[in-house]
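First up is the structure itself, then whatever we jot down about it.
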Amino acid sequence: MKFPFALVLVLSLCCLPALEAAVYKGQKAYVKKCRKCHGGGQKMAASKRMKDWNKLLNKKNKGSGLSELHLGDEKAKASWKYFDSKAYRKSAKHLRDFMVEYADDSGNVPACN
Ligand code: HEC
């Protein structure tokens, strides 16, 4: 074998810049929009499994699971404007990447950070 494919594979799984960027964007959105009500992002992420986050922040429906959850809860009223906005629908996929990255069953060790 002339080319170290295994190395490339490991690197792309671990440190793919695009994925890193998405996780980072999601984390930034979380800090800006969610932390005031929910506290630390990694703790929040670890409170659910990947499957649950994929359901709440589904790419196809632009995260409507999570927005409906908040829009239907009087206690979350201060977040309604955000969850009903284009900004939320745009960052839903980044939020998903961040949550899945640190989900309870992600087994993730932040090796590349
Ligand atoms: C204005 C405050 C507020 C903001 C901002 C807010 N939330 Fe919430 N959130 C709530 C409330 C209230 C509930 C429902 C009651 C509860 O379980 O805490 C809730 C519920 C949730 C749940 C379900 C919890 C469970 O146990 O199933 C998740 C997940 C969640 N929020 C994530 C987020 C994320 C991600 C953001 C940022 C995009 C966000 N929230 C922004 C107030 C907020």
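Quick check on region 61-72. Is at least one of its residues within 12 Å of the ligand (Cβ to nearest atom) and of a type in the set (Asp, Glu)? Yes - at least one qualifying residue is present in region 61-72. One residue alone among Gly41, Gly63 is within 17 Å of Ala21 (Cα to Cα), of a type outside the set (A, V, I, L, M, F, W, C) and touching a helix residue (DSSP H, G or I) at 6+ places or on another chain (Cβ under 7 Å), and that residue is Gly41.
Would you check if Lys81 is over 24 Å from Gly107 (Cβ atoms), free of Cβ contacts under 8 Å to residues at least 40 places away in the same chain, part of a helix (DSSP H, G or I) and over 13 Å from the mean Cα position of the chain (by Cα)?
Yes, satisfied.
None of the figures in this text is laboratory data; all of them are computed from the coordinates on show. If you're wondering where the values come from, they're calculated on a predicted model, not measured in any experiment. In this analysis, Cβ positions are derived from the backbone assuming ideal geometry, glycine residues included, and neighbour counts consider all displayed protein chains.
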